[in-house]
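Notes follow the structure.
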Amino acid sequence: MEPKDHAERVEDAPTLPSGAMERFNGYGVMGLPFASGHVLALRRFSASSIGPGYRSVWHRTPEGAWTFYADIDPMHACSRFFGSDVEHAVQCNIEIRWPGPRRLAVRIDDTGLEWESELAPTVATRALNAMASVMPDALWRNRRVLSLMAGIAGPALGAGRLGMHGRASNRQQFIANPMLIWTIPSSDARVGGVSLGPVGPLRQQARLGDFWIPQRGLFAMGRTFFETFDPARHLAVASRQGGA
């Protein structure tokens, strides 16, 4: 199956993994750095345990300022977990299309963002996907196993450091399960008509809390678990500018 086939499957039949944590299932671009210093990321969770499924685009400028776009209230999207590291949280329409089996297109009319990416398998992704396909569910939630996987996958993919578990910016513990992976060898992205330039690693790898942005573009099918929100321990902050 191609990435488009997997995406259509989770769109047609949204399902949540079991558990008591806040849970999300779908696909996205884990992170895509550009040689110019810009970074883009995408989350499309067709199933969410805290509300409707949603789309979210993350954009970091070369100066390090993050803006999170989402098509639902930010506190029911990614800003719920990373808002304290985000300058702006914006609610707007986000369009996702699949022009081809391995071609992903994202558009936000409100900001003039137009972004197309070509996905590709490699020897490393095929090996990692084969390993992931036989892992029992319990191992996907075992932090020691996830640390070992991240330690293998980061260098194998040329992606730098990867964080498959840890603490999000708003202090919730998280577990990330990228169960199928493809690389992004090329991408054309524009914001307000200005090109972000060619893809390429950053001088210093970016992160949000303990989630490290890959130094190579990666697309994943997977699921994510977050500690259930507790106002006594976690931050109810959607962005630095917007507050709670």
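The values are calculated or read from the model by the stated rules, or taken from the named source; none is laboratory data. These numbers come from a predicted model, not from an experiment. Cβ sites come from the backbone with ideal geometry, for glycine too, and all protein chains shown count toward neighbours. Side chains included, ligands, DNA and RNA excluded: accessible areas come from the protein's heavy atoms. Shrake-Rupley method; radii C 1.70, N 1.55, O 1.52, S 1.80 Å.
For the stretch 155-175, state whether one or more residues are farther than 23 Å from residue 61 by Cβ, without any contact (Cβ under 8 Å) to a residue 24 or more places away in the chain and surrounded by fewer than 20 Cβ atoms within 10 Å (Cβ to Cβ). Yes, that holds for at least one residue. Residue check: is residue 205 under 17 Å from residue 66 (Cα atoms), part of a loop (DSSP other than H, G, I, E, B) and open to solvent by 60 Å² or more (accessible area, probe 1.4 Å)? No: the conditions fail for residue 205. Within the stretch 131-169, the set of residues being of a type in the set (Lys, Arg) and outside any loop (DSSP other than H, G, I, E, B) comprises 143, 144, 167. The conditions of being in contact (Cβ under 8 Å) with a residue 40 or more places away in the chain, in contact with a helix residue (DSSP H, G or I) (Cβ under 8 Å, 6 or more places away or on another chain), open to solvent by 40 Å² or more (accessible area, probe 1.4 Å) and not aromatic (Phe, Trp, Tyr) are met by residue 216. Screening residue 61 against (1) open to solvent by 30 Å² or more (accessible area, probe 1.4 Å); (2) farther than 18 Å from residue 106 by Cβ; (3) touching a residue at least 24 places away in the same chain (Cβ under 8 Å); (4) not basic (Lys, Arg) leaves a single unmet condition, (2).
Mind listing whichever residues of the stretch 160-174 are at pLDDT 95 or above and either within 19 Å of residue 84 (Cβ to Cβ) or not aliphatic (A, V, I, L, M) (or both)? Lay out the reasoning, then the answer.
At the first step, the residues of the stretch 160-174 found to be at pLDDT 95 or above are 160-162, 164-174.
Listed by number, the residues that qualify are 160, 161, 165, 166, 167, 168, 169, 170, 171, 172, 173, 174.
One residue stands out in the stretch 1-43 among those that are part of a helix (DSSP H, G or I) and either in contact (Cβ under 8 Å) with a residue 12 or more places away in the chain or in contact with a Ser or Thr (Cβ under 8 Å, 6 or more places away or on another chain) (or both): the one that is surrounded by the most Cβ atoms within 10 Å (Cβ to Cβ), namely 3.
Provide a single number: the residues in the stretch 53-65 that are more than 14 Å from the chain's Cα centre (by Cα) and either of a type outside the set (D, E, K, R) or at pLDDT below 95 (or both).
Selection size over the stretch 53-65: 5.
Set side by side, the residues 8, 22 differ, and just one is at pLDDT 95 or above, under 27 Å from residue 206 (Cβ atoms) and among the acidic types (Asp, Glu), which is 22.
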